[in-house]
Amino acid sequence: ASFLLLCFRSPLVTPLIFGLLLQAPFAQLSTITQPNFVLLLADDLGIGDVGCYGNDTIRTPNIDRLAKEGVKLTQHIAAAPLCTPSRAAFLTGRYPIRSGMDAVNNYRVIFWNAGSGGLPPNETTFAKILQQHGYSTGLIGKWHQGVNCESHDDHCHHPLKHGFDYFYGMPFTLISDCQPTETPEMDRAFRRKLWLSTQMIGLITLTAVLGQLTGLISVHWKVLTCLAGFSLLFFISWFSSYGFVRYWNCIMMRNHGITEQPMVTGRTTSLILRESISFIERNKHKPFLLFLSFLHSHTPLLTTEKFLGRSRHGLYGDNVEEMDWMVGRVLDAIDKEGLKDTTLIYFASDHGGWLERQEGERQLGGWNGIYRGGKAMGGWEGGIRVPGIFRWPGVLPAGTVIDEPTSLMDIYPTVVHLAGGAVPQDRVIDGRDLLPLLRGTVTRSEHEFLFHYCGVHLHAVRWHQKDTGAVWKAHYVTPIFSPPGAGACYNTGFCPCFGEGVTHHDPPLLFELSQDPSEAKPLSPDTEPLFDTVIRRIGRAIEEHRRTLTPVPEQLSVSNVVWKPWLQPCCGMFPFCWCDKEGDD
């Protein structure tokens with residue numbers, strides 16, 4: 001007894017005991033060598049649409065529960081303001097410009113399942129690394145990273161080529177064209193021009209024929225025949241793609257096989273939820289990665305009858321509340337299988353809400369809270385600041401709020417390191433391991449600079465000044481809102497990245513986000529003594545960043561984006577592509 005008393009009086013032992021007591025809540029990290037990962041990514045969800053981020057009219061109790069039981073990030077940033085490039089960055093931990101997944105033109109996302117562009121085979125996703133370390137990896141839901149390169153079944157961009165053992169969902173993205181009752185959404189303005197051109201060519205041809213028949217004008221019949229043939233070929237050339245969008249793009253796949261063409265939208269939600277829970281149940285005895293990539297809350301806002309009319313925000317609110325219910329069902333499945341304490345759950349959105357998405361008086365896009373701008377805007381906060389929530393009981397402190405700058409790209413090194421892997425050393429990885437910040441062992445984010453692109457065009461840069469905690473943001477290019485005074489580009493439906501629709505700023509617009517998160521009052525040399533110093537430092541960071549960029553093939557070039565019949569995934573003999581294997585089952 002006297003020996004024990006002597007030990008406890010030792011000046012070395014006492015601090016050790018207190019240290020062990022302080023570390024007790026987080027001791028499980030050393031015993032969980034390979035946790036499970038459930039990554040939940042919403043589509044087009046605004047940061048202002050979620051209860052724990054300030055919305056008090058849309059009910060999201062399950063997402064809010066994740067935040068209460070875990071860590072909420074308030075400055076979580078997407079690497080791009082649109083689906084394809086943002087998801088490419090999420091999967092690879094790299095700015096999309098490094099993989100060629102950002103656009104030099106106005107086609108800023110994958111437009112067709114039968115395009116040849118997509119996530120390059122030489123990119124290494126976090127799923128591929130986890131697969132190599134013994135994980136079962138599954139993607140349920142939206143892909144939107146391309147399918148084929150040279151033939152209709154080479155699947156060079158397919159999820160199974162990028163580290164996923166199992167895929168069920170849409171290789172494309174949900175669009176209003178998938179719902180027969182909705183107004184077509186895809187390339188709407190271009191389609192109008194094609195229709196107008198077809199009508200004009202047809203009118204010219206008809207006028208020439210009538211003129212010849214009535215003798216009012218003299219036109220050789222060979223000329224008329226050529227003109228009529230040209231009219232028909234022109235119509236076929238574009239209607240063969242745009243006239244059948246629902247059959248070409250709105251398909252569901254299981255692994256390499258097509259299960260629905262076109263998809264039956266009335267059962268999509270239940271099938272995605274069923275597949276997600278089934279994946280958890282099948283893989284509960286070994287480490288797994290489930291990437292549940294929601295089709296919610298992208299138009300046409302597929303919502304089951306059970307949730308229609310339940311929210312105070314019309315169909316959009318109904319759709320968000322249904323997604324929250326799906327989150328709850330996935331959490332229930334984790335709890336049921338006894339996996340709660342060994343599973344890291346992450347929830348985020350791929351970018352901000354789509355402000356311009358309206359049909360008449362109906363608002364079909366999301367809300368970005370106090371933040372300016374929205375989807376497609378590469379610089380303004382509303383387009384890139386998204387929800388970000390982590391939960392891992394016993395490892396991450398519950399109820400924590402972190403205001404430091406973080407990125408969707410940070411998921412890559414975070415899950416790779418936790419799985420026992422290492423990030424590739426042969427390329428630049430822009431993400432940073434978030435675990436020290438999430439656990440509270442460090443208080444500052446590793447990101448000093450974040451670069452905000454719109455396509456391949458650098459629109460803004462964020463500088464996290466670590467010695468003061470200030471978060472400076474310089475805008476070099478901003479979109480011109482229309483109509484004037486509006487908060488978005490309502491006249492065109494999307495804000496552009498370049499051309500006459502943007503304003504270049506020299507000197508750049510400067511904001512201090514910790515003081516002005518809404519970016520309402522740009523600073524100037526008269527109002528901010530550090531203005532010139534900050535702009536010079538950000539300018540040097542841009543030069544250093546650009547030296548790390550190397551030329552790569554442009555995956556979203558016009559030649560890669562256009563519809564190619566020989567690349568079309570087809571359930572049947574092309575062009576008679578139709579099947580419903582889920583209905584058969």
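The values are calculated or read from the model by the stated rules, or taken from the named source; none is laboratory data. Given the structure is predicted, the values throughout are model-derived calculations rather than measurements. Methodologically, a virtual Cβ is constructed for each residue, glycine included, from the backbone with ideal geometry; neighbour enumeration extends over all protein chains shown. To get the accessible areas, we keep the full protein, side chains included, count just its heavy atoms, and leave off ligands, DNA and RNA. Shrake-Rupley method; radii C 1.70, N 1.55, O 1.52, S 1.80 Å.
Kindly express, to the nearest 10 degrees and within the range 0 to 90, the angle between helix 531-547's C-alpha long axis and the longest C-alpha principal axis of the chain.
Approximately 70 degrees, to the nearest ten.
Once the whole set of protein chains is in place, how much accessible area is left on VAL552, using a 1.4 Å probe, in Å² to the nearest 10?
50
Starting from the 7 Å offset along Cα-to-Cβ, what nm value, one decimal, do you get for the label separation of THR304 and THR207?
In this crude spin-label approximation the distance works out to 5.6 nm.
Can you sort ARG267, ARG59, ARG192 by 1.4 Å-probe accessible area, starting with the largest?
Output order, biggest surface exposure first: ARG192, ARG59, ARG267.
Under 37 °C and 0.692 mPa s, how fast does the stretch 188-242 diffuse according to Stokes-Einstein, given a Kirkwood radius computed over C-alpha pairs? Answer in µm²/s, whole number.
274
Which is farthest toward the positive dipole end of the chain among GLY352, LEU73, TRP566, measuring Cα position about the Cα centre, with Cβ charges +1 (Lys, Arg) and -1 (Asp, Glu)?
Among GLY352, LEU73, TRP566, the one farthest towards the positive end of the dipole of the chain is TRP566.
Express in nm, to one decimal, how much length is gained between LEU232 and ARG546 on full extension, taking 0.36 nm for each residue of separation and deducting their alpha carbon distance.
108.2 nm
Could you give the distance between the Cα centres of the stretch 47-65 and the stretch 470-526, to the whole Å?
Each part's Cα centre sits 27 Å from the other's.
Relative to a virtual label point 7 Å from the Cα of PHE190 in the Cα→beta-carbon direction, which members of the stretch 207-241 show backbone nitrogen distances below 18 Å?
Only 234-241 pass the distance filter.
Which of TYR412, SER270, GLY399 sits closest to the plus end of the dipole of the chain, meaning its Cα is farthest towards the positive end, when Lys and Arg get +1 and Asp and Glu get -1 on the C-beta?
TYR412
Figure the gain on full extension for ILE217 and ARG312 (residue separation times 0.36 nm, minus the Cα-Cα span) and round it to one decimal in nm.
Length gained between ILE217 and ARG312: 27.9 nm.
Out of every Cα pair in the chain, what percent are spaced more than 37 Å from each other?
Beyond 37 Å sits 36 percent of the P(r) for the chain.
What lysines could a cross-link reach from LYS161, if we take a straight Cα to Cα line under 20 Å and drop same-chain neighbours fewer than 8 places away?
Here the lysines satisfying the reach criterion relative to LYS161 are LYS128, LYS142.
At 222 nm, what helix-only mean residue ellipticity would the chain give, in deg cm²/dmol to the nearest 500, using -39500 (n - 2.57) for each DSSP H run of four or more?
For the chain, the value works out to -9500 deg cm²/dmol.
With axes computed from alpha carbons, what is the tilt in degrees of helix 314-336 against the longest principal axis of the chain, rounded to the nearest 10 within 0 to 90?
Taking Cα atoms only, the helix is inclined about 50 degrees.
THR468 to ARG254: FRET efficiency via 1/(1 + (r/R0)^6), r the Cβ-Cβ distance, R0 60 Å, to the nearest 0.05?
It comes to 0.70.
Amide H of ALA470 versus every other amide H placed in the peptide plane: which residues, excluding those fewer than 5 positions away on the same chain, fall under 5 Å?
Those qualifying (amide H under 5 Å, at least 5 residues apart or on another chain) are GLN465.
Taking every DSSP beta bridge that has both residues in the chain, what percent is antiparallel when rounded to the nearest 5?
For the chain, the DSSP antiparallel bridge percentage is about 60.
Using a Cα-Cα cut-off of under 18 Å, which lysines could be cross-linked to LYS521, ignoring same-chain neighbours fewer than 8 residues away?
Cα-Cα hits under 18 Å: LYS473.
What translational D, rounded to a whole number of µm²/s, comes out for the stretch 208-348 from Stokes-Einstein when the hydrodynamic radius is the Kirkwood one over Cα pairs, at 10 °C and 1.306 mPa s?
81
What nm value, rounded to one decimal, do you get for the distance between HIS285 and ASN105 when each label is placed 7 Å out toward the C-beta?
5.2
How much length is gained on full extension from ASP532 to ALA486, taking 0.36 nm per residue of separation minus their Cα-Cα distance?
My answer for the length gained is 13.5 nm.
Would you kindly find the accessible area of GLU260, with a 1.4 Å probe and non-protein molecules such as ligands, DNA and RNA excluded, rounding to the nearest 10 Å²?
0
List every residue whose amide H lies under 5 Å from the amide H of PHE449, counting only residues 5 or more places away in sequence or on a different chain, with H placed 1.01 Å from N in the peptide plane.
Those lying under 5 Å, H to H, from PHE449 are HIS464.
Suppose R0 equals 60 Å. What FRET efficiency, 1/(1 + (r/R0)^6) with r the Cβ-Cβ distance, do GLN132 and GLN358 give to the nearest 0.05?
The pair GLN132/GLN358 has a calculated efficiency of 0.85.
Taking all protein chains together and a probe of 1.4 Å, list PHE576, PHE288 from the most accessible to the least accessible.
Highest to lowest solvent-accessible surface, that is PHE576, PHE288.
State the number of lysine pairs found in the stretch 244-402 whose Cα atoms come within less than 21 Å, restricting to pairs 8 or more positions apart or on distinct chains.
Final tally of qualifying lysine pairs is 4.
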